[in-house]
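Asker: Attaching a single structure in structure tokens format; questions to follow.
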């Protein structure tokens, strides 16, 4: 379980930096919060949210987590890991196109993807295929 919690913490941190689908991340947070409500109220009620403190609290009490909470954390970690893998794949396949057409675009909130779509006629086939591949996996 320690590895799962650590992976979840790293994945959430990365998703906050790279993920363009904020609503999907909010759904994961809500799912974990709902599934771990008892644990959060029992062990983490006095923890100030932010900077991974809630996850650290759950990690500190991992031996007391219900199966439902444990599974929600595992599932969230798996989903975030897939999202990070997809974003890494996109970044690798579209790196040259991003440098060529979107170098001045600030990352986040889908701005880079919008830029790539705006320059669709000039973007490499490799990048466009990666975008299609990632959309298929959703």
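The values are calculated or read from the model by the stated rules, or taken from the named source; none is laboratory data. The shown structure was predicted, so the numbers you read here are calculated from the model rather than taken from an experiment. All Cβ positions, glycine included, derive from the backbone under ideal geometry; neighbour counts span all protein chains shown.
Asker: What is the residue count in the stretch 99-138 for residues that are free of Cβ contacts under 8 Å to residues at least 24 places away in the same chain, part of a helix (DSSP H, G or I) and surrounded by 12 or more Cβ atoms within 10 Å (Cβ to Cβ)?
Answerer: Residues flagged as free of Cβ contacts under 8 Å to residues at least 24 places away in the same chain, part of a helix (DSSP H, G or I) and surrounded by 12 or more Cβ atoms within 10 Å (Cβ to Cβ) within the stretch 99-138 amount to 9.
Asker: For residue 88, which of the numbered conditions (1) modelled with pLDDT of 90 or more; (2) surrounded by fewer than 13 Cβ atoms within 10 Å (Cβ to Cβ); (3) assigned to a helix (DSSP H, G or I) fails to hold?
Answerer: Residue 88 satisfies all of (1) modelled with pLDDT of 90 or more; (2) surrounded by fewer than 13 Cβ atoms within 10 Å (Cβ to Cβ); (3) assigned to a helix (DSSP H, G or I) except (1).
Asker: Something else now. Residue check: is residue 83 within 20 Å of residue 130 (Cβ to Cβ), in contact (Cβ under 8 Å) with a residue 40 or more places away in the chain and part of a helix (DSSP H, G or I)?
Answerer: Taking the combined requirement at face value, the residue satisfies it.
Asker: For residues that are without any contact (Cβ under 8 Å) to a residue 60 or more places away in the chain, touching a helix residue (DSSP H, G or I) at 6+ places or on another chain (Cβ under 9 Å) and part of a helix (DSSP H, G or I), tally how many sit in the stretch 28-77.
Answerer: Count: 26.
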